[in-house]
1. Which residue out of Asp138, Asp130 is more than 22 Å from Gly56 (Cα to Cα) and of a type in the set (D, E, K, R)?
2. Name the residues in the stretch 84-95 that are assigned to a helix (DSSP H, G or I) and more than 16 Å from ligand 2 (Cβ to nearest atom), would you?
3. For Leu112, state whether it is open to solvent by less than 20 Å² (accessible area, probe 1.4 Å) and either closer than 23 Å to Ala275 by Cβ or within 16 Å of ligand 4 (Cβ to nearest atom) (or both).
4. Filter the stretch 169-190 for residues that are in a helix (DSSP H, G or I) and either open to solvent by less than 60 Å² (accessible area, probe 1.4 Å) or charged (D, E, K, R) (or both); which is nearest to ligand 4 (Cβ to nearest atom)?
5. Restricting attention to the stretch 150-161, and to residues there that are touching a Gly at 6+ places or on another chain (Cβ under 9 Å) and under 20 Å from Leu85 (Cβ atoms), which single residue is surrounded by the most Cβ atoms within 10 Å (Cβ to Cβ)?
6. Only one of these conditions is not met by Ala115: (1) in contact with a helix residue (DSSP H, G or I) (Cβ under 8 Å, 6 or more places away or on another chain); (2) within 18 Å of Thr175 (Cα to Cα); (3) in a strand (DSSP E or B). Which number is it?
7. How many residues, within the stretch 172-182, are within 12 Å of ligand 3 (Cβ to nearest atom) and either more than 15 Å from Leu218 (Cβ to Cβ) or within 15 Å of the chain's Cα centre (by Cα) (or both)?
8. Looking for something at pLDDT below 95, open to solvent by 20 Å² or more (accessible area, probe 1.4 Å), over 17 Å from Cys145 (Cα atoms) and out of contact with any Ser or Thr (no Cβ under 6 Å at 6 or more places or on another chain) - is there at least one such residue anywhere in the stretch 33-53?
Amino acid sequence: AKDKGRNGYQFYNHKMGVLVEERAEIEHALHQALAHHELELHYQPKVDLGSGKIYGMEALLRWRRPEIGLVPPDRFIPLAEDTGLIIPIGEWVLRTACAQLGAWHANGFPHLTMAVNVSARQFLQINMPDLVREVLADSGVPAECLELELTESLLMQNRDLVVQSLEQLKEIGVTLSLDDFGTGYSSLSYLKQFPIDVVKIDQSFIRDVTDNVDGASLTKSIIAMAKSLHMTTVAEGVETEGQLGFLNTNLCDAIQGYYFSRPLPSGEMDTLLHAGARL
Ligand code: C2E
Ligand code: CA
Ligand code: CA
Ligand code: CA
């Protein structure tokens, strides 16, 4: 239906079964996405393994494109980074997530935390501590309730500048997490020089914990090492009861994943919270 032919901006690639668009076309559409209110956040709960309760959530970006549908972030964030659009988009994510958290705080859930993903490109191009201070003040959310999820690639560049910004963020009082741990090249001991509070163990490790001994022992040692460095651990992509059992046995602090809940629009998250859902 979307076939405009090869001379147009988009065509249906029958071999691959996908709609192919010119990059310029997507870029143009992404430019307007913010102004046209096409971006939205979904929220995935994080559950504390000690209490079985939801203690916080992660905000995950979605692009609702007219006539195309919901576009996952992996399909447009790289483009947003290349074009610099990640700066206004990232600010919108931070403001929207904090405003939503403020509403939940005011409506019966005063201790919930909100985690926001920050790409390296975004972090390095703006003054993150200034933006965070401003957004916290505007939303009235306490700094302790905001968590920033950072990538290993950020910690591999501009070390002095990054350490300085991270230290300022710690002074403000926000929690700093390392996303997708284990997929990069850094060891936990390399991370000692950064003020990281939480290690999020990548889902590729969690997938393996019940299938092979190497996966199990790697995950065990990540949890043990993180603890020895006084970092807490969150397992990502937990999908099965078996994985949950393993993480409980090995004293992981918290989980996130389809086993408990997929990322949800704010209304559905609200329902889950009011239902008192627990593990
Ligand atoms: P991430 O930060 O590692 O987020 C976790 C991803 O795993 C999410 O994909 C989530 O939907 C998915 N997931 C959660 N539980 C499970 C599970 O049990 N099984 C499986 N198979 N997947 C699970 P999503 O939402 O498509 O996001 C993909 C990536 O896009 C994120 O990975 C993050 O790197 C990036 N991203 C999302 N929102 C933002 C944002 O606001 N800003 C930036 N810079 N990046 C974002
Ligand atoms: Ca994340
Ligand atoms: Ca992750
Ligand atoms: Ca990821």
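1. Going through Asp138, Asp130 in turn, just one is more than 22 Å from Gly56 (Cα to Cα) and of a type in the set (D, E, K, R): Asp130.
2. Ile87, Pro88, Glu91, Trp92, Arg95
3. In short, yes.
4. Here the residue is Leu188.
5. Thr151
6. Checking Ala115 against (1) in contact with a helix residue (DSSP H, G or I) (Cβ under 8 Å, 6 or more places away or on another chain); (2) within 18 Å of Thr175 (Cα to Cα); (3) in a strand (DSSP E or B), the one that fails is (1).
7. Counting residues in the stretch 172-182 that are within 12 Å of ligand 3 (Cβ to nearest atom) and either more than 15 Å from Leu218 (Cβ to Cβ) or within 15 Å of the chain's Cα centre (by Cα) (or both) gives 5.
8. Among the residues of the stretch 33-53, at least one is at pLDDT below 95, open to solvent by 20 Å² or more (accessible area, probe 1.4 Å), over 17 Å from Cys145 (Cα atoms) and out of contact with any Ser or Thr (no Cβ under 6 Å at 6 or more places or on another chain), which makes the answer yes.
The values are calculated or read from the model by the stated rules, or taken from the named source; none is laboratory data. Only a predicted model underlies this, so the values are computations on that prediction, with no experimental measurement involved. All Cβ positions, glycine included, derive from the backbone under ideal geometry; neighbour counts span all protein chains shown. Areas reflect the complete protein model, heavy atoms only, side chains present, ligands, DNA and RNA absent. Shrake-Rupley method; radii C 1.70, N 1.55, O 1.52, S 1.80 Å.
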